[in-house]
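*Asks:* Shown below is the structure under consideration.
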Amino acid sequence: MQVYGLVGNPVGHSLSPPMHEAAYEATGIDARYVTFEPERSAIDAAITGADALGIAGLNVTIPFKQDVLELVEPDPLAARIGAVNTIDFGGGEPTGYNTDAAGVTRAFDRHGVELDGAAAVVVGAGGAGRAAAFALADAGATVHIANRTVANADELASVVPGATSGGLDTLDRVCDADVLVNATSVGMDAPDETPVPASYLHADLAVLDAVYTPIETRLLRETADAGGVTIDGAWMLLLQGVEAFELWTGVDAPVEVMNAALRDHLSIG
Ligand code: NAP
């Protein structure tokens, strides 16, 4: 039996175990997916120990995504993003990946949204914002990063090819954009809050909200009202997990099974 898991703190309400275990069952892979919650100071020992114990792969979440970068060999994309959310222990030195980026591009692809040549706005410049900005730029979009703390947007734009940046007062760029990603926590557990004024939303806009609690955020409701395409945060969560499953196992992920397991647990949680 192979053991996979998630390392973070806290990880109590993670949706990854049911999503991955449904995939193992559907594909006949003999594996379990468990959660680990080390103290921040113990992450080094935790990764070394996981490798020594023969754990096959780990997802990594807050607060360890940056810490782990130093503890594994990051692939080029994870190194550029500056964060690892997936470790593969299979063979040689542990390798670090960032599948949040694939979660973003796969989510747009799944909804028929063309990114090559698109004008994109990313609101937020934290972990999710970094992954989204690199993913969109690598897919051929022109990216504008708007963030509450302008210095964080400027720093990110300085490393993302072709990107521009500004404060939240530059969100009017959404009026002329094809694609918008909310990579802030605004709207999380706050159904009345939105990071982007409704007046900027329009029918030619596709919006991915990284927030998935609630699944239908105010931003997505107002995008739908404006006639735009809405992509909820569960798609990003699902498709980063799909990417990790495929990296670890080399098997095509049973995407619909994983989606059903994830959405079942979201509606329970
Ligand atoms: P993070 O690294 O802490 O970054 C948070 C971002 O939100 C920063 O850009 C921050 O701006 C901004 N922000 C926070 N409060 C704000 C406010 N009141 N007004 C405007 N901006 C605000 O967090 P993260 O890991 O990127 O996560 C961001 C969100 O994405 C969370 O809701 C998380 O659950 C979600 N997420 C979803 C997925 C998925 O698979 N669906 C994956 C990763 C993350 P400053 O720079 O000014 O602080």
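Each reported figure results from applying straightforward, stated rules to the coordinates on display, with no laboratory input. This is a predicted model, so every value here is computed, not measured. Reconstructed Cβ throughout: ideal geometry from the backbone, glycine too, with neighbour counts over all protein chains shown.
*Asks:* Return the distance in nm (one decimal) between the two label points of a simple spin-label model at S199 and A119, each offset 7 Å from Cα along Cα→Cβ.
*Replies:* 1.9
*Asks:* Compare the Cα positions of I231, A107, I215 along the charge dipole of the chain (+1 at Cβ of Lys, Arg; -1 at Cβ of Asp, Glu; about the Cα centre) and return the one farthest towards the positive end.
*Replies:* I215
*Asks:* Starting from the Cα of D44, move 7 Å in the Cα-to-Cβ direction to define the label point; list residues of segment 63-101 whose amide nitrogen is under 11 Å from there.
*Replies:* Once the point is set 7 Å along Cα→Cβ of D44, 71 turn out to lie under 11 Å by backbone N, inside segment 63-101.
*Asks:* Quick check on packing: order 69-77, 143-151 by the mean number of other C-beta atoms within 10 Å, highest mean leading. Don't skip to the end; give the middle numbers.
*Replies:* Details: 69-77: 16.6, 143-151: 21.1.
Per-residue Cβ counts within 10 Å, averaged per peptide and sorted highest first, yield 143-151, 69-77.
*Asks:* Additional query: Find the relative contact order for the chain and round it to a whole percent, using C-alpha pairs within less than 8 Å whose residues are 6+ positions apart. Please list the in-between numbers first.
*Replies:* Values: 565 pairs, mean separation 45.6, N = 269.
Result for the chain is 17 percent.
*Asks:* Sort I215, I47, I55 so the one with the fewest other Cβ atoms within 10 Å of its own Cβ comes first. Numbers along the way, then the final one.
*Replies:* Details: I215 14, I47 25, I55 20.
Arranged by neighbour count, lowest to highest, I215, I47, I55 become I215, I55, I47.
*Asks:* Separate question: Which whole-Hz ³J(HN,Hα) couplings does segment 160-172 yield from phi under the Karplus relation 6.51 cos²θ - 1.76 cosθ + 1.60, θ = phi - 60°, glycine and proline marked x?
*Replies:* 8, x, x, 7, 10, 8, x, x, 5, 6, 9, 5, 5
*Asks:* Also, I was wondering about something else. When the dipole is taken about the Cα centre of segment 172-267, and only Lys, Arg (+1) and Asp, Glu (-1) are charged at their Cβ, what size is it in debye, to the nearest 20? Numbers along the way, then the final one.
*Replies:* Working: 4 positive and 17 negative charges, 21 e Å.
Computed about the Cα centre, the dipole is about 100 debye.
*Asks:* Over all Cα pairs of segment 101-231, how is the pair count split among 5 Å bins, expressed in % and running from 0 up to the last occupied bin?
*Replies:* Spelled out bin by bin, segment 101-231 gives 2, 13, 24, 27, 22, 10, 2 percent.
*Asks:* May I pose another question? Between rounded, prolate and oblate, where does the chain land on the alpha carbon gyration tensor, with a ≥ b ≥ c its root eigenvalues, rounded for a/c under 1.5, else prolate if a/b exceeds b/c? Mind dumping the intermediate values first?
*Replies:* Details: a/c = 1.89, a/b = 1.50, b/c = 1.26.
Taking the square roots of the gyration eigenvalues as a ≥ b ≥ c, the chain is prolate.
*Asks:* List the residues whose amide H sits under 5 Å from the amide H of V34, counting only those 5 or more places along or on another chain, with H placed 1.01 Å from N in the peptide plane.
*Replies:* Y4, G5, L6
*Asks:* Moving to a separate point now. What percent antiparallel are the DSSP beta bridges of the chain, to the nearest 5? Spell out each step's value before the answer.
*Replies:* Working: 6 of 37 bridges.
Here the share of antiparallel DSSP bridges comes out near 15 percent.
*Asks:* OK, next. Using a Förster radius of 45 Å, what is the FRET efficiency between E256 and D51 based on their Cβ-Cβ separation? Nearest 0.05, please.
*Replies:* Values: r = 33 Å, r/R0 = 0.73.
My answer for the efficiency is 0.85.
*Asks:* Which of D154, D225 has the fewest other C-beta atoms within 10 Å, and how do the rest follow up to the most? Kindly include the intermediate steps, with their values, before the conclusion.
*Replies:* Working: D154 17, D225 10.
With the fewest neighbours first, D154, D225 line up as D225, D154.
*Asks:* Separate question: In whole Å, how far is the Cα centre of segment 79-143 from that of segment 147-182?
*Replies:* 16
*Asks:* Follow-up question, since we're still on this one. Sort 111-119, 181-189 by the packing proxy (mean of other Cβ within 10 Å over each peptide's residues), most packed first.
*Replies:* 181-189, 111-119
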